[in-house]
1. Quick check: net charge around Gly44, other residues with Cβ under 11 Å of its Cβ, Lys/Arg +1 and Asp/Glu -1?
2. Counting only the backbone N, which residues of the stretch 53-71 are under 17 Å from the spot 7 Å out from the Cα of Ala37 toward its beta-carbon?
Amino acid sequence: MIRSAKALLLVVSMGGLCFAQAPAETTNAPDNNRAGAYYNFAMGRLYAELAGAYSNRNDYVSKAIQHYRRR
């Protein structure tokens with residue numbers, strides 16, 4: 001009985017090692033680029049709206065252009 005329990009423990013632990021060795025490779029680059037693009041678009045849109053509301057102030061216009069150009 002003890003011998004079969006040791007064998008079972010050995011098999012289970014070896015099986016766990018086989019499945020736990022290599023983590024799944026995921027690339028978050030497209031998601032990070034997409035999030036940055038949404039952020040820059042939203043900020044550009046915000047500064048463009050502020051520029052329109054405050055008679056095209058140059059600082060708001062330039063900030064809007066900077067955000068629209070970023071990737």
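A short reminder: the numbers here are calculations on the coordinates, not readings from a lab. Please read these numbers as outputs of a predicted model, since none were measured by experiment. Quick reminder, even Gly has a Cβ in these numbers, built from the backbone with ideal geometry, and neighbours come from all protein chains shown.
1. Summing Lys and Arg as +1 and Asp and Glu as -1 gives +3.
2. Counting backbone N atoms under 17 Å from the label point, the list is 67-71.
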